[in-house]
Amino acid sequence: MRRFELYDTLSRETRMFVPITPPKVGLFVCGLTPYSDAHIGHAKGPVTFDVVARALRRWGYRVFSVQNVTNLDDRLIARGGESGTDPMALADRHMAVWYGDMARLGIRSVNYYPHATDYIPEILAQIQQLVDRGFAYEARGSVYYDIAKFPRYGALSGQKLDALRPGARVDPEPGKRSPGDFVLWKAATPGEPNWESPWGPGRPGWHIEDTAITVRLFGPRYDIHGGGADLKFPHHEAEIAQAEAATGESPLVNFWMHVGLLTLKGEKMSKSLGNVVGLSESIDTFSPQVVRFYYLNAHYRSPLDFVPGRSLEEAAEAYRALDSVAVRLRAARTAAGPDREGEELSPELESSAVSTVEELDELLSHDFNTRETIALLFRWTKTLTELLPKLDGLSTTALDTLLGPHDWAGEVLGLLGASESSAGDGTLSGVIRLALDARARARARSDFTEADRIRDELIAAGVRVEDDGSSTRWRLAGPSV
RNA sequence: GCUGAGGUGGCAGAAUGGUUAAUGCGUCGGACUGCAGAUCCGAUUCCUGGGGGUUCGAUUCCCUCCCUCAGCUCCA
């Protein structure tokens, strides 16, 4: 198992990661509440933790990665009510889209997506524990957590209870002992989904599902808990308070990882501000790799400012440069077959390729600095470009060695991988090839009017045409690229 | 107001108590091309918010001020 450093929000320090039960690593990430279509900010965390899981597995850890789904909450009920849809069915519908987007983004590291409503017995049991131990109280059919009973409440986010801004969005519901108390079990309102409980019919509060799930899956303590930076307070505070009070064990998690939020022109992207850019559309318009690249091109803890019409366009430009060399290298490797004899690499080049891979692991092991690994991949690409003309003469083993860094990127970053290269649709590429042949014949007889007409029509149809000395390449163009 | 994270070149964004502060985008010049694009080569050597301090040396550590973003019970 490779050793690595990880920043922990709770202790506010970067320290060596040590699993509770090596080589196992429990990774829990707060997933989403699928009450509407996902926007471009929502996938930043999942991509980040996908890389975390991929890297840990490469480094010899056995990761169990879990992302919960809050498939019932106030917003889902509200949205469902507007359209006369069952809130949980509405959640499922959005999740279908979400899973599709996750698959397109190459996120395959998540082992399990537990849904809140599948854990009602665990939730009820945990609430009962909290009541029994005196951390929670019932009022008017609801159960609240009494934050006064848990002195460490606020430690993660640095909030002081008595400093909570007076008149802020604290909701002094009748029955609450303190405005800061949060609901564990919400008494049923007619027409809403509900379950029987010792306190009457109701449904879970927002925070309780996570700890009910993690205690069930991981036990009272686990290794890494991730989520967006906006979840620190109160959500993650509540989780600590719930789990540690219920199980009597501490700390709930060893490392809290918080992902910097995506802002839109300096402001947080959110529905209420009306400044959202859709996730699915972004993937459609550009590509899953470009979206991934965009996120990973910054440190996961930094906030990232999204500028429509520029951010993904820039990422597309940068990624293409990186990818085109990877594609050509992989093509040469495919052409070489399983065991072609040929020129071997110079000792310097060979050791450079090997040490580049080692350096990639090393860079990533400092709090998952994906940006640094991308910078190194660019440098490696640069040394590769002068080799490009000689590729066809190299042996299979030489090509495999050269592909090391790209294979690393495919395995860990989910970029530049063998499977990620766009193969293209067979029919489409056949038709395009046909048009390009016609253009080539026109060019051969110096009929540039006809040649340019064909090219212009292809461009108008979204196909970019590039002559490269002897051959002509094409690719589907993104918008305004 | 309180808590946290930051302020780096035209832009995006890393890093480190010490040779030219990574990388990318963009821009400029050259090569290639019928042209364009892509690609390649080169340049963009005068960039670390202000002010103090510690140090032989700070962008990095400390203090202070200013500014930005996020959180302060919807939030990835």
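Every read-out reported here was derived from the displayed coordinates using simple, explicitly stated rules and does not represent laboratory data. Small disclaimer: the values here were computed from a predicted structure and weren't measured. Neighbour counts run over all protein chains shown; Cβ positions are idealised from the backbone, glycine included.
Using a Förster distance of 30 angstrom, determine the FRET efficiency expected from the C-beta separation of A:V18 and A:A229, and round it to 0.05.
Working: r = 24 Å, r/R0 = 0.81.
That gives a FRET efficiency of 0.75.
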Practice item. Using R₀ = 25 Å, calculate the FRET efficiency as 1/(1 + (r/R₀)^6) where r is the Cβ-Cβ separation of A:A375 and A:R464; round to 0.05. Key: 0.40
Review point. Can you sort A:T370, A:T472, A:T449 so the residue with the fewest Cβ neighbours within 10 Å comes first?
Key: A:T449, A:T472, A:T370
Check your understanding: Using every alpha carbon pair in chain A, what percent of pairs falls into each 20 Å bin from 0 up to the bin containing the largest distance?
Key -> 21, 48, 24, 7, 0
Check your understanding: Rounded to the nearest 5, what is the percent of antiparallel bridges among the DSSP beta bridges in the range A:5-259?
Key -> 50 percent
Practice item. For a footprinting-style exposure proxy, rank A:D468, A:D392 by other Cβ within 10 Å, fewest first. Key: A:D468, A:D392
Check your understanding: To one decimal place, what orientation-averaged projected area in nm² is obtained for the convex hull of the Cα set of the range A:308-413?
Key -> 7.3 nm²
Check your understanding: Tell me, what is the percent relative contact order of the range A:308-413, built from C-alpha pairs under 8 Å that lie six or more residues apart?
Key -> 45 percent
**Study point:** Sequence of A:M16, A:M88, A:M1 once ranked by neighbouring C-beta atoms within 10 Å, starting from the fewest
**Key:** A:M16, A:M1, A:M88
Revision key, fill the gap. So the FRET efficiency between A:E196 and A:S250, C-beta based with R0 = 35 Å and rounded to 0.05, is 0.65
Practice item. Starting from the Cα-Cα distance between A:S36 and A:T383, subtract it from 0.36 nm times their residue separation and give me the gain in nm to one decimal. Key: 120.3 nm
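Just to be sure I follow the rule: in the range A:5-259, considering lysines 8 or more places apart or on different chains, how many pairs have Cα atoms under 21 Å apart? Walk me through the intermediate numbers first.
On the way: A:K44/A:K232; A:K149/A:K160; A:K149/A:K176; A:K149/A:K186; A:K149/A:K232; A:K160/A:K176; A:K160/A:K232; A:K176/A:K186.
Pairs that pass both the separation and distance tests number 8.
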